[in-house]
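The values are calculated or read from the model by the stated rules, or taken from the named source; none is laboratory data. These numbers come from a predicted model, not from an experiment. Glycine gets a Cβ as well: all are built from the backbone with ideal geometry, and neighbour counts include every protein chain shown. Side chains included, ligands, DNA and RNA excluded: accessible areas come from the protein's heavy atoms. Shrake-Rupley method; radii C 1.70, N 1.55, O 1.52, S 1.80 Å.
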Amino acid sequence: PPYVVLVRDLRAALVSNYEKWKERYGVTFKEYLRGDPRGRRYIFDLWGGLHFLNRWARVRRRFPARTLVLRYEDLQAAPVVGLAQVFEHFGVRVARAHLEAAAAAGSKSAMARLLDPASPVTNIIRDDDRPPAAWFDAEDRAWFDAARRACLADDFGYDWRWPDE
């Protein structure tokens with residue numbers, strides 16, 4: 001079957017997950033960043049992210065024409081274009097007006113209005129608006145880079161340099 005894989009810069013994904021669940025995790029970002037290789041402590045961490053990306057890298061290598069990789073950042077920048085790519089990949093024709101309505105309904109502000117007040121999750125949008133790279137001190141950057149270089153099979157088109165490099 002055709003596949004669509006949504007990937008995200010792992011640094012941003014880690015910061016986003018930490019912000020959403022930091023009260024539950026009860027650890028500093030530095031400790032969270034090192035993760036839990038057993039996969040039991042966190043909902044998502046570096047090791048889970050690497051595992052996800054590597055598994056889909058294998059699928060893409062095996063079925064390149066059947067696998068569409070969509071980057072989260074590209075979808076955020078142009079949601080209608082991204083949605084059109086997804087539907088086209090599945091061979092489904094959708095009118096642009098419907099794509100525009102779907103993009104509007106799926107925006108962060110629209111999703112925030114749907115949040116259940118009884119839900120334990122209260123922050124679907126990060127509280128801290130620093131760029132993800134700002135969360136990583138020099139030690140964290142070196143640790144992340146070493147883990148990424150050792151374990152990540154496919155860069156999915158991301159530039160893994162830090163902004164000040």
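Leaving out ligands, DNA and RNA but keeping every protein chain, what accessible area does Asp164 have, in Å² rounded to the nearest 10, with a 1.4 Å probe?
Number for this one is 120 Å².
For the stretch 50-165, build the convex hull from the C-alpha positions and give me its volume per residue in Å³. Let's see the in-between values first.
On the way: hull volume 18.4 nm³, N = 116.
Looking at the stretch 50-165, the number lands at 159 Å³ per residue.
Let me know the Kirkwood hydrodynamic radius for the stretch 10-109, please, with Cα pairs as the basis and the value in Å to one decimal.
That comes to 15.9 Å for the stretch 10-109.
If I ignore ligands, DNA and RNA and count only protein heavy atoms, how much of Phe52 is accessible to a 1.4 Å probe, in Å² to the nearest 10?
Counting only protein heavy atoms, the figure is 80 Å².
Report the local net charge at Ala104: Lys and Arg +1, Asp and Glu -1, summed over other residues whose C-beta lies under 14 Å from its C-beta. Display every interim value, and only then the final one.
Details: positive: Arg96, Lys108, Arg113; negative: Glu100.
Within the 14 Å Cβ shell, the charges total +2.
How large, in percent, is the carbon and sulfur part of the accessible surface of the chain at a probe radius of 1.4 Å?
Values: 5590 of 10220 Å².
Carbon and sulfur: 55 percent of the exposed surface of the chain.
How large is the translational diffusion coefficient of the stretch 51-103 in µm² per second when you combine the Kirkwood radius over alpha carbon pairs with Stokes-Einstein at 37 °C and 0.692 mPa s? Intermediate values should be presented prior to the final figure.
Details: Rh = 12.2 Å.
The Stokes-Einstein estimate is 269 µm²/s.
For the chain, with every protein chain kept in place, what is the accessible area per residue (1.4 Å probe, Å²)?
Ligands and nucleic acids excluded, the figure is 62 Å² per residue.
Determine the gain in length on full extension of the stretch Phe63-Ala97; use 0.36 nm per residue of separation and subtract their C-alpha separation, reporting nm with one decimal.
Length gained between Phe63 and Ala97: 9.1 nm.
Can you check how the C-alpha radius of gyration of the stretch 125-165 compares to 2.2 N^0.38 Å, as a plain ratio?
That ratio works out to 1.30.
Pick from Ser119, Ser16, Ser107: which is most flexible by mean-square fluctuation in a GNM of the chain where alpha carbon atoms under 10 Å apart are linked?
It is Ser119.
Enumerate the amide H contacts of Leu68 below 5 Å, restricted to partners 5 or more residues apart or on another chain; note that Pro and chain-start residues carry no placed amide H.
Residues meeting the amide H criterion: Tyr3, Val4, Val5.
Let me have the relative contact order for the chain, percent, based on Cα pairs under 8 Å that are six or more residues apart.
32 percent
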